[in-house]
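All remarks here apply to the structure that follows.
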Amino acid sequence: MTQALGERIAEAKAEDGSPWLRVAVDGAPAARPAELAQDLAEELRARGRPVAVIGTGGFLRAASLRFEYGHQDADAYYDLWLDSGALHREVFAPLEPGGSGRVLPDLWDPVADRATRSPYLTVPPGGVVIVHGPFLLGHWFPFDLAVHLRMSPAALARHTEAAAAWTVPAFARYADEVRPEDAAHVVVRADDPRRPAWSGFTAGA
């Protein structure tokens, strides 16, 4: 599957003429999007493409904003946790046509609740930036190719850690409001996260 997806990504072109390709690996933590993103990066590097992998966990808002409505509010998790403006500014804006290609790999450490102060990465023209995390398809991010890791509600509940069970309703809301299976270019079945299976392209891919 990784080889086939790598080939699909390698053949993709930026819709706006950007010299960089912007790829999403969208999925709940239980679906292990970070693992697939890293596997795809290795596949693309083997094909000679420079790759930067960026997780949305490094672009969360400060704890005072994330936990404004408590530590286990599913709606806040869905609506407020991700600093989408910072992700646009630090990752996507530099990858627009005429951009610098200098992207910030992370901005905020959610555990220490402070800025990471990580150095910028310069992605050369022809490079690929893979962004992974949940709820990526509901923020108008300019992805050229989006991979969605699909989990059935039962599988999501089964594979989500007990301490994070309160987040499950947020993914039901995401499925209902965004319909990521329709919005993505590629859907991967991840009911068994150890053995994800490519379902193929969506109708609009």
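Bridge orientation summary for the stretch 2-201: considering DSSP beta bridges with both residues in this region, about 30 percent are antiparallel. Exposed loop sites here mean trypsin sites (Lys or Arg not before Pro) with a DSSP loop assignment and at most 16 other beta-carbon atoms within 10 Å; the chain contains its longest site-free run at 118-193. Over all other residues within a Cβ to Cβ distance under 15 Å of A63, the charged ones net out to -2, with Lys and Arg as +1 and Asp and Glu as -1. In loop segments of the stretch 1-94 as defined by DSSP, the GluC sites (Glu not before Pro) with at most 12 further C-beta atoms inside 10 Å of their C-beta are E15, E68.
Just to be sure I understand: with springs between alpha-carbon atoms less than 10 Å apart, which residue in Y174, Y78, Y69 has the highest mean-square fluctuation in the Gaussian network model of the chain? The residue that fluctuates most here is Y69. As an equivalent ellipsoid, the chain spans semi-axes of 26, 22, 14 angstrom, where each value is the square root of five times an eigenvalue of the C-alpha gyration tensor, largest first. How much net charge surrounds R158 when only other residues with a Cβ under 12 Å from its Cβ are counted (Lys, Arg +1; Asp, Glu -1)? Spelling it out: positives minus negatives among the neighbours equals -3.
Any read-out appearing in this document is the output of simple, stated calculations on the displayed coordinates, not a laboratory observation. The model shown is predicted, which means the values in this text are computed figures rather than measured ones. Cβ: placed from backbone, ideal geometry, glycine included. Neighbour counts: every protein chain shown.
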